[in-house]
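Q: For reference, the structure I am asking about is given below.
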Amino acid sequence: MLKTIFYFIFVVIFFLIMMRYKEKQSIYFPEKEIAATPSYRGLPFEDVYFETTDGVELNGWFIPAKQASITLLFAHGNAGNISHRLEKIALFNKLRLNVFIFDYRGYGKSKGKPDEKGLYLDGKAAYDYLVLEKKIPPDEIVLYGESIGGAVVIDLATKANIKALITEGTFTCARDIIKVIYPFVPPAVFASRFDSIGKIKNISASKLIIHSVDDEMIPFSLAEKLFKGAPPPKQLLKIKGSHNSAFLDSEGVFLSGIREFLKSADTGVQ
């Protein structure tokens, strides 16, 4: 009996260790090489470095736009790095939005290794850079998070003064997305929480939730659940296309939806 119990405990511990290892492997897909810069799209930019409160050096780009009244703080998804978002940056530039996009720890030129707590610290450090170094007033900052970046900006919006919040293709919490990816694994096995559904109820700023009805990675139903849990003012923008390309597949709806939302949030965007 003692041998059986020991064997069972060993198997459980081994399973937990493997799942925790698998967890990081299945969440973060950083790339170090910078494939191109905004100059490739004809956009002037500043290549900047700043530090988090736990001493990690991060890299980002500040891309100014003509006659901009708003700066978009852009938290990207879980794969690649800032250089893989040039098409989206160019679209935001068309909307006359300054863009500050940064790489999380372990991505691109940023130091360190990614984890949930670290991503939240990275988002706060990027915000502090805009306010303290660039002297941009909080009421001129709009947070934008794609996929896992949505969890980053939702967390940030509970800690910082902002004008508005936009998420694209994001999820409610780790528990819900784990049920989609690993339906036969108890969610409690994983350490990550990314509790956006719990945090968004505390955000009073205007919110726009963008999600594709065709999203093959994060079901549209999670966007509806996140929207339902958010207090007003809020808007839900439905687009079409895959998780990574819907903003291009639905470019017209995507741009007009963001423009109209920013107008309604009294940002000065025309």
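Computed from the coordinates by the stated procedures, all read-outs in this text should not be read as laboratory data. For clarity, every value in this text was computed on a predicted model and none was experimentally measured. Cβ coordinates were reconstructed from backbone atoms using ideal geometry, including for glycine residues, and neighbour counts include every protein chain displayed.
Q: When a/c reaches 1.5 or more, the comparison of a/b and b/c decides; with that in mind, is the range 145-270 rounded, prolate or oblate per its Cα gyration tensor? Don't skip to the end; give the middle numbers.
A: Working: a/c = 2.44, a/b = 1.33, b/c = 1.84.
Oblate.
Q: Using 18 Å as the Cα-Cα cut-off, could you pick out the over-long pairs in LYS24/LYS179; LYS163/LYS207; LYS124/LYS199; LYS124/LYS179; LYS88/LYS240? Don't skip to the answer; put the middle values down first.
A: Values: LYS24/LYS179 16 Å; LYS163/LYS207 10 Å; LYS124/LYS199 15 Å; LYS124/LYS179 29 Å; LYS88/LYS240 16 Å.
Table pairs above 18 Å Cα-Cα are LYS124/LYS179.
Q: A further question on this structure: Please give, to one decimal in nm, the separation of the simple spin-label points placed at GLU31 and LYS263, each 7 Å out from Cα toward the Cβ.
A: 3.6
Q: Cβ under 15 Å from LEU130's Cβ, LEU130 left aside: what net charge do those residues give with Lys, Arg +1 and Asp, Glu -1? Kindly include the intermediate steps, with their values, before the conclusion.
A: Values: positive: LYS124, LYS134, LYS135, LYS159, LYS163; negative: GLU46, GLU51, ASP122, ASP128, GLU133, ASP139, GLU140.
Net local charge, LEU130 excluded: -2.
Q: Can you tell me what share of the DSSP beta bridges in the chain is antiparallel? A percent to the nearest 5 is fine. All intermediate terms of the calculation are to be shown ahead of the outcome.
A: Working: 10 of 38 bridges.
Percent antiparallel among DSSP bridges in the chain is about 25.
Q: I would also like to ask the following. Work out, step by step, the length gained on full extension between VAL48 and LEU248: first 0.36 nm times the residue separation, then minus their alpha carbon distance; give nm to one decimal.
A: Values: separation 200, 0.36 × 200 = 72.00 nm, distance 2.77 nm.
Roughly 69.2 nm would be gained on extension.
Q: Span-like helices, the chain: DSSP H, alpha-carbon axial extent 27 Å or more, mean Kyte-Doolittle 0.5 or greater, which ones? Please report the intermediate quantities before stating the final value.
A: Working: long enough: 2-27 (37 Å, 1.12).
Correct list, ordered by number: 2-27.
Q: Which net charge results when you count Lys and Arg as +1 and Asp and Glu as -1 among the other residues whose beta-carbon is under 13 Å from that of VAL153?
A: Details: positive: LYS124, LYS159, LYS163, LYS199, LYS207; negative: ASP122, GLU146, ASP155, GLU168.
Net charge around VAL153: +1.
Q: Between the DSSP loop rule and a limit of at most 10 other Cβ atoms within 10 Å, which trypsin sites (Lys or Arg not before Pro) in the range 27-88 are left? Could you put the intermediate results ahead of the total?
A: Values: sites: LYS32, ARG41, LYS66, ARG85, LYS88; in loops: LYS32, LYS66.
Loop-located and lightly packed - LYS66.
Q: Mind grabbing the base-10 log of I(q)/I(0) for the chain at q = 0.11 Å⁻¹? Debye formula, identical points on the C-alpha positions, no solvent, two decimal places.
A: Once normalised to I(0) and log-transformed, intensities are -0.59.
Q: So how far apart, in nm, are the two label points at ALA191 and GLN270 if each is 7 Å from Cα heading toward Cβ?
A: 5.1
Q: Let me ask you something else. How far apart, in nm, are two points set 7 Å out from the Cα along the Cα-to-Cβ line at ASP214 and at ALA79?
A: Output for this residue pair reads 1.7 nm.
Q: Next question, about the same structure. Rounded to the nearest 0.05, what FRET efficiency is calculated for TYR40 and GLN67 with R0 set to 30 Å and r the Cβ-Cβ distance?
A: Numbers: r = 23 Å, r/R0 = 0.77.
The computed FRET efficiency comes out at 0.85.
Q: I would also like to ask the following. What are the chymotrypsin sites (Phe, Trp or Tyr not before Pro) within the range 134-206 that DSSP puts in a loop, where the Cβ has at most 11 other Cβ atoms within 10 Å?
A: Details: sites: TYR144, PHE171, PHE184, PHE190, PHE194; in loops: PHE171, PHE184, PHE190, PHE194.
Listed in order of number, the matching sites are PHE184.
Q: As a test of the formula, what do you get for the chain when each DSSP H run with n ≥ 4 contributes -39,500 (n - 2.57) and the sum is divided by the residue count, at 222 nm and rounded to the nearest 500 deg cm²/dmol? Mind dumping the intermediate values first?
A: Numbers: 9 runs with 98 residues, N = 270.
Mean residue ellipticity, 222 nm, calculated: -11000 deg cm²/dmol.
Q: What does the charge count near ALA246 come to, summing +1 for each Lys or Arg and -1 for each Asp or Glu among other residues with Cβ under 9 Å from its Cβ? Before the final figure, lay out each step's value.
A: Details: positive: LYS240; negative: GLU168, ASP214, ASP215, ASP249.
Here the count lands on -3.
Q: Once you have a ≥ b ≥ c as the square roots of the Cα gyration tensor eigenvalues for the range 112-174, tell me rounded if a/c is under 1.5, and otherwise prolate or oblate according to whether a/b is larger than b/c. Write out the running numbers ahead of the final one.
A: Working: a/c = 2.39, a/b = 1.35, b/c = 1.77.
The shape class here is oblate.
Q: Mind putting a number on the dipole of the range 40-264 about its Cα centre? Charges go on the C-beta only, +1 for Lys and Arg and -1 for Asp and Glu, and I need it in Debye to the nearest 20.
A: Using only the charged Cβ atoms, the result is roughly 480 debye.
Q: Of the candidates TYR129, TYR104, TYR40, which one comes out as most mobile in a Gaussian network treatment of the chain with C-alpha springs shorter than 10 Å?
A: Largest GNM mean-square fluctuation: TYR40.
Q: Using a Gaussian network for the chain with springs between C-alpha atoms less than 10 Å apart, which of these wobbles most: LEU43, LEU236, LEU156?
A: Of LEU43, LEU236, LEU156, the most mobile in the Gaussian network model is LEU43.
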